[in-house]
Amino acid sequence: MRFKTLLVAACGMLLSTGVTWAQGQVPAAKWRGAGSPPCVGSDGGVHQCPPAPRVVAVRAGRLFDSKAGKTLTKQVVLLLGERITAVGPEADIKIPAGAQVIDLSQATVLPGLIDAHTHMFNARKPNGTTEDYMLIAVQNVQNNLRAGFTASRDMTSHGNGYGDVAIRNAINEGRIDGPRYQVSTRGIIWSATPPNPSAPDNPLASAVVRSAEEGRAAVRDQIEHGADWIKLYPAGAYSFSATGQDQYVVTYPLPVLQAIIDETHRLGKKAGCHVYGGEGQKNSIIAGCDTIEHAFGLDQEQANMMVAKGLYYDPTLVRYIEPYMDDNDAKNTGEKYRMIPIFEKAVSLAAATKGMKIMMGSGADGETYAHGTQALDFEALVKYGGLTPLRAIEAATTINAEVLGWQDQIGSIEKGKYADLIAVSGDPLADITELQRVKFVMKGGKVIKNEMAP
């Protein structure tokens with residue numbers, strides 16, 4: 001409890017609800033402090049008011065239409081404040097007098113990218129402090145934003161309690177720059193052994209449940225603390241049999257898993273299931289887990305079940321084809337067997353399954369995958385996963401926006417949506433690695449980065 005108390009004390013005002021940071025302006029007649037009348041934040045403190053919204057025009061030499069799946073040329077995007085007000089050919093869109101013009105006429109403009117599987121917090125070490133890990137998380141989310149990821153889903157805080165709620169709210173309130181976030185807080189794990197009074201469960205780490213009722217209670221608790229998603233672990237570690245067959249540990253009994261997911265859905269939230277394969281993976285599909293994460297051992301029967309149930313597949317491909325995977329497998333099998341080719345085959349199978357909705361999620365975690373480099377996953381999805389560049393980009397735009405339930409707000413460049421834009425010098429449909437070299441980032445009408453040559 002000491003750690004939980006410390007977290008709340010350190011984050012204090014960041015734990016308020018996701019309202020705008022500029023809640024209201026102090027009336028001029030009542031202001032008796034320094035400077036011009038400021039705005040009042042959600043904590044009651046004052047801060048400099050943001051500038052009034054202005055009209056901005058973005059000239060796009062090429063513009064990727066994620067809805068139509070094609071690139072348009074010589075387009076103009078008009079925006080006022082954080083929203084897009086018009087999009088169309090430069091011959092049809094009149095730029096208002098006095099508008100700020102951003103010239104991207106030599107670039108390809110795309111909707112802001114969405115990473116559906118991140119861990120903004122590095123894994124908590126015993127000697128780390130809440131303050132240390134909050135600062136690291138802020139650095140991580142800002143690196144993600146500068147890499148072109150204007151929205152993300154965070155899949156557990158890695159032993160940092162509800163710190164991801166604090167970061168999400170701070171971004172929503174304009175206190176720090178970062179992607180638009182949905183978060184899953186602590187996650188829920190299964191234990192078949194009774195609790196040990198002399199070694200209580202860590203309140204900052206995953207919630208440990210031992211029955212269906214405890215599982216439902218954990219769901220309610222995490223949602224009450226601000227979780228947007230519930231993270232589950234129905235299939236544990238993998239190994240190889242003596243003959244090289246991949247095999248996987250089952251965790252939750254199916255009735256428990258079903259109860260947890262049903263409670264999540266009853267409360268209007270979604271569940272993401274960390275699975276590697278086997279019976280636990282199949283149970284996740286049967287129980288209707290909204291997103292199936294990783295799934296090394298995905299087979300055609302399971303893929304067909306996912307399509308029939310309308311579930312999404314988030315492979316996090318790069319995270320599990322890194323060299324350390326081969327190192328571990330070589331050590332554990334005497335260099336006889338490897339998981340990487342099994343996983344690549346599973347992703348290719350999913351890509352070839354009609355109706356399968358494949359997401360782009362990196363699993364960037366500050367351990368083996370640095371934040372800000374997750375565009376590597378686009379290249380891997382094309383090179384090893386069998387996706388076309390178009391489908392890989394759609395995974396991180398229209399598909400991920402749909403998963404988050406934000407398809408009316410982000411994922412494409414359209415009137416009324418947030419002005420979340422990125423730009424690259426070349427054509428990512430011809431060279432998917434262009435997305436590793438994002439030169440321009442705008443989130444909600446605010447320019448975060450502009451490295452395009454004048």
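Starting from the Cα-Cα distance between residue 309 and residue 90, subtract it from 0.36 nm times their residue separation and give me the gain in nm to one decimal.
74.6 nm
Quick check on packing: order 355-367, 208-220 by the mean number of other C-beta atoms within 10 Å, highest mean leading.
Averaged packing, sorted descending, gives the order 355-367, 208-220.
Could I get the Rg over Rh figure for the chain? Both from C-alpha atoms, Rh via Kirkwood, rounded to two places.
0.99
Quantify, in whole percent, the carbon and sulfur part of the accessible surface of the chain (1.4 Å probe; protein heavy atoms only).
53 percent
Restricting to DSSP H runs of at least four residues, report the calculated mean residue ellipticity at 222 nm for the chain, -39500 (n - 2.57) per run over all residues, nearest 500 deg cm²/dmol.
The helix contribution divided over the chain gives -8500 deg cm²/dmol.
Long-range amide H contacts for residue 440: which residues qualify at under 5 Å (H placed 1.01 Å from N, peptide plane, sequence gap of 5 or more or a different chain)?
So residue 440 has HN proximity to 423, 451.
Sticking with the crude label model, points 7 Å out along Cα→Cβ, report the distance from residue 29 to residue 242 in nm, one decimal please.
9.0 nm
With just the Cα atoms defining each centre, how far is the stretch 388-436 from the stretch 38-53? Give it in Å.
Distance between centres, Cα-based: 32 Å.
Suppose we keep just the DSSP beta bridges with both residues in the chain; what percent of those would be antiparallel, to 5?
Antiparallel bridges: around 50 percent, rounded to the nearest 5.
When every alpha-carbon pair in the stretch 143-212 is counted, what percent end up more than 14 Å apart?
The answer is 65 percent, as a whole percent.
Assuming 0.36 nm per residue, please report the length gained on full extension of the stretch residue 450 to residue 135 beyond their Cα-Cα distance.
110.9 nm
Keeping every protein chain present and rolling a 1.4 Å probe, give me the accessible area per residue for the stretch 20-99 in Å².
Solvent-accessible surface per residue comes out at 59 Å².
Return the whole-Å distance between the Cα centroid of the stretch 197-270 and the Cα centroid of the stretch 112-136.
21 Å
What dipole magnitude, in Debye to the nearest 20, does the stretch 171-329 give about its Cα centre under +1 on Lys/Arg Cβ and -1 on Asp/Glu Cβ?
Approximately 500 debye in magnitude.
Report the far tail of the P(r) of the stretch 354-454, meaning the percent of Cα-Cα pairs longer than 24 Å.
Beyond 24 Å sits 25 percent of the P(r) for the stretch 354-454.
Kindly state, to the nearest 0.05, the FRET efficiency for residue 437 paired with residue 224, given R0 = 56 Å and r defined as their beta-carbon distance.
It comes out at approximately 0.85.
To the nearest 20 debye, what is the magnitude of the charge dipole of the stretch 80-190 about its Cα centre, counting +1 on the Cβ of each Lys and Arg and -1 on the Cβ of each Asp and Glu?
The calculated dipole for the stretch 80-190 is roughly 340 debye.
Suppose R0 equals 22 Å; then what is the FRET efficiency for residue 68 and residue 388 from their Cβ-Cβ distance, rounded to the nearest 0.05?
So, using R0 = 22 Å, E works out to roughly 0.90.
With a 1.4 Å probe and all protein chains left in place, how much accessible area per residue does the stretch 207-333 have, in Å²?
That works out to 38 Å² for each residue.
Which order do peptides 415-428, 297-310 fall in by mean Cβ count within 10 Å, highest first?
415-428, 297-310
Please go through the residue pairs 67/270; 67/439; 125/443; 309/439; 270/439 and name each one whose alpha carbons sit more than 29 Å apart in this structure.
Result: 125/443; 309/439; 270/439 exceed 29 Å.
Put a dot 7 Å past each Cα toward the Cβ at residue 201 and residue 335; how far apart are the dots in nm?
4.3 nm
So what is the relative contact order of the chain, in percent, for Cα pairs below 8 Å that sit 6 or more residues apart?
Rounded, it is 17 percent for the chain.
Over all pairs of distinct alpha carbons, what does the Kirkwood formula give as the hydrodynamic radius of the stretch 290-394, in Å?
Radius from the Kirkwood sum: 14.2 Å.
Order these peptides, 229-238, 148-157, by their mean beta-carbon neighbour count within 10 angstrom, highest first.
So the order, starting with the most tightly packed, is 148-157, 229-238.
As a test of the definition: which semi-axes, in Å, follow for the stretch 125-276 when you take the square root of five times each eigenvalue of its alpha carbon gyration tensor? Largest first, please.
Each semi-axis is √(5λ); the values are 28, 19, 17 Å.
The values are calculated or read from the model by the stated rules, or taken from the named source; none is laboratory data. Remember, it's a predicted structure, so these values are computed and weren't measured experimentally. All Cβ positions, even for glycine, are placed from backbone atoms using ideal geometry, and neighbour counts span all protein chains on display. Heavy atoms of the whole protein, side chains included, go into the accessibility calculation; ligands, DNA and RNA do not. Shrake-Rupley method; radii C 1.70, N 1.55, O 1.52, S 1.80 Å.
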